[in-house]
Amino acid sequence: MKAIAIFAVIAGLFGCRAPGEKPFILDGPGMVYVDSEHRTEYANTLPFDEIEDYPYWAVAYLGEGETGKNTANEYIEKLFSKLSEEKCRAISHYDYGGEKWYLVIPRYGDENELIQNGDKKNLQKADDGTPYIINCGGDVEIYIVIRGGHKITLDTDENDRLICTPDIWDITDYKE
């Protein structure tokens, strides 16, 4: 019985968290977790602190076909105007052959995994929290491992509005 109690106390010291997740350690009086200190430089160009939800991605629906493709550069210039040209050029594009275009801005620098039609053979990884442009047809899932793991699928409804979940902040109509 004593061995089980000792084991329980030792296990409690290490806490529970998802594999690979870094703990947020507050180790002094008055220490406060400040989310902006953990977000990417890109995510900090948006007012994440002013929204009530706790989304892991900010997503803008850019449109279909050539319109969506052309709108991508406008959004990048508008949202990241305070960042260097090098940072803006680092934004990747993932082409999954669909007509709908999206700008995805991860809140944190954790790796995003993009999988089309659930086929892990076509897995692509977006590292370090850099935003990316994606064109797809509602068949791509995006995963992040942070805080137990989260998954989104980008798609629009019958009114061409982004379908949102608690993990998505729709910034399609965002004005600075």
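The values are calculated or read from the model by the stated rules, or taken from the named source; none is laboratory data. A quick note: this is a predicted structure, and the numbers were derived from the prediction, not measured. No Cβ is skipped: glycine too gets one built from the backbone with ideal geometry, and neighbour counts run over all protein chains shown. Keep in mind that these areas ignore ligands, DNA and RNA; they rest on the heavy atoms of the full protein, side chains included. Shrake-Rupley method; radii C 1.70, N 1.55, O 1.52, S 1.80 Å.
Return the subset of Lys78/Lys125; Lys69/Lys120; Lys120/Lys151; Lys87/Lys120 for which the Cα-Cα distance in this structure is over 23 Å, preserving the input order. All intermediate terms of the calculation are to be shown ahead of the outcome.
Working: Lys78/Lys125 25 Å; Lys69/Lys120 26 Å; Lys120/Lys151 14 Å; Lys87/Lys120 29 Å.
As for pairs spanning more than 23 Å Cα to Cα, those are Lys78/Lys125; Lys69/Lys120; Lys87/Lys120.
Rolled with a 1.4 Å probe across the full set of protein chains, the surface gives Cys164 an accessible area near 60 Å².
Counting only Cβ charges, +1 for Lys and Arg and -1 for Asp and Glu, the dipole size of segment 113-164 around its Cα centre is about 280 debye.
Counting only heavy atoms of the protein chains and using a 1.4 Å probe, His150 has close to 40 Å² of accessible surface.
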